[in-house]
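Report on the structure given below.
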Amino acid sequence: MLVMDNASCHKSQRAQELIEPAGAHILFSPDVNKIEKFWARLKYLLRTPLTQFEDFWEAVDDAFRKLSYPLLRM
């Protein structure tokens, strides 16, 4: 069994053509790639109304600070 994240290149017909003849079964899971979780969380934080910030980059800075906070406690 081969476990891959949901990247579009992993789901391509060509990838399946290369993997399946080897006898492997493909399992797609977004939980495999930690960056998937990071981007999902970042997008969630950026959906906060921009009216709370002066500009977009201030919102991005705030989101990264929120994402980094748990790492600072380690």
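Values in this text are rule-based calculations from the coordinates and carry no lab data. Model, not experiment: these values are computed from the prediction. A quick note on method: Cβ atoms are made from the backbone with ideal geometry, for glycine too, and the neighbour counts reach across all protein chains shown.
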Computed over the chain: longest principal axis from alpha-carbon atoms vs helix 34-46 long axis, angle to nearest 10 degrees, is 40 degrees
Here, L27 and R65, labelled 7 Å along Cα→Cβ, have an inter-label distance in nm of 4.1 nm
Ranked output for segments 57-68, 20-31 by mean other Cβ atoms within 10 Å, highest leading, reads 57-68, 20-31
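Could you tell me the relative contact order of the chain? Use alpha-carbon pairs under 8 Å, at least six residues apart, and round to a whole percent.
Over the chain, the number comes to 26 percent.
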Over the chain, the sum of -39500 (n - 2.57) across DSSP H runs of at least four, divided by residue number and rounded to 500 deg cm²/dmol, gives at 222 nm -15500 deg cm²/dmol
One can check that the equivalent ellipsoid of the chain, built from the alpha-carbon gyration tensor with semi-axes equal to the square roots of five times its eigenvalues, has lengths in Å, largest first, of 37, 15, 7
Sorted by chain and number, the residues with a modelled amide H under 5 Å from that of I26, at a separation of 5 or more or across chains, are L2
For the chain, longest principal axis from Cα atoms; helix 56-72 axis from its Cα atoms; angle between them, nearest 10 degrees, is 70 degrees
A correct Karplus calculation of ³J(HN,Hα) over the range 11-20, with 6.51 cos²θ - 1.76 cosθ + 1.60, θ = phi - 60°, whole Hz and x for Gly and Pro, returns 8, 5, 4, 5, 4, 5, 4, 7, 8, 4
